[in-house]
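Comments concern the structure below.
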Amino acid sequence: MKFTLLRALVLYSLAEHQLGHATTIRVTTNGNSFSVGDDGRGHAIARTVASAPYLKFIYNHFDYPFGSNEAAPVQLQGIGMSLINSLCSELTIEVRKPDAMLRLAFRDGQLCGHEVRDVVTPAGETGNTIRGTIRPELGGDGVDNTSLALWLRQLLPAHPALRIVFNGETLRTEQPTD
């Protein structure tokens, strides 16, 4: 389950790369906690869908319908991100735009913090970082880093400019030798 959750988040960042928006994907794991980030364009901060803030709509899609608008659209990425959110005891989404930063905090699948700051990021840095802790009742000893690193390496041939950093180490397609 943990491996699958991380793969879903990494594939979201890979899609950003394939659209030409991200060059680097950063993945960090520590037990049941994780972080997946990219230097892509970053989620839309001020956008709304069916009168709901876009990111609340995406990460709380399981709360559908939103308010009285029963004809609100359903988005596949929202179903996936909402599922990921429901599997985490804590989830934080950080969106970096050239002139603003948004941080959303979820606890047990529910939005509990929303912060937008007008910030000029260094060199116009943009992207998303999603950090979380997988619910302890889902069991297990944490993420299998060996299997995850192997899978991440298999993504590298997707494009020669793709850079993946896992637990602080830049991965290469070849396995390092001892």
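Quick notes on this one:
- Sole exception among (1) over 16 Å from THR29 (Cβ atoms); (2) modelled with pLDDT under 90; (3) of a type in the set (D, E, K, R); (4) exposed (fewer than 12 other Cβ atoms within 10 Å of the Cβ) for GLU115, by number: (2)
- Counted residues, the stretch 123-145 - those being at negative phi and open to solvent by less than 20 Å² (accessible area, probe 1.4 Å): 5
- Residue that is farthest from ALA15 (Cα to Cα), among those in the stretch 124-150 that are of a type outside the set (A, V, I, L, M), in a helix (DSSP H, G or I) and touching a residue at least 12 places away in the same chain (Cβ under 8 Å): PRO136
- Each residue in the stretch 155-173 was checked for being outside any strand (DSSP E or B) and of a type in the set (Val, Ile, Thr), and 1 pass.
- Among residues that are open to solvent by 20 Å² or more (accessible area, probe 1.4 Å), part of a loop (DSSP other than H, G, I, E, B) and either of a type outside the set (S, T, N, Q) or touching an Asp or Glu at 6+ places or on another chain (Cβ under 9 Å) (or both), VAL120 is included.
- Looking only at residues in the stretch 75-101 that are more than 21 Å from SER33 (Cβ to Cβ) and in contact (Cβ under 8 Å) with a residue 40 or more places away in the chain, the one that is surrounded by the fewest Cβ atoms within 10 Å (Cβ to Cβ) is GLN77.
- Residues of the stretch 40-74 satisfying the condition of being open to solvent by 80 Å² or more (accessible area, probe 1.4 Å) and either closer than 20 Å to VAL10 by Cα or in contact with a Lys or Arg (Cβ under 8 Å, 6 or more places away or on another chain) (or both): ARG41
- Residue in the stretch 71-80 that is closer than 28 Å to VAL143 by Cβ, modelled with pLDDT of 85 or more and in contact with a helix residue (DSSP H, G or I) (Cβ under 8 Å, 6 or more places away or on another chain) present: yes
- Here GLU169 does not qualify as among the acidic types (Asp, Glu) and surrounded by 12 or more Cβ atoms within 10 Å (Cβ to Cβ).
- If the condition is being touching a helix residue (DSSP H, G or I) at 6+ places or on another chain (Cβ under 7 Å) and modelled with pLDDT of 90 or more, then the stretch 118-143 contributes ILE130, ILE134.
The values are calculated or read from the model by the stated rules, or taken from the named source; none is laboratory data. Predicted, not measured: the structure shown is a model, and the values here were computed from it. We place every Cβ from the backbone using ideal geometry, glycine too, and count neighbours over all the protein chains shown. The area values use the complete protein model at the heavy-atom level, side chains included, leaving out ligands, DNA and RNA. Shrake-Rupley method; radii C 1.70, N 1.55, O 1.52, S 1.80 Å.
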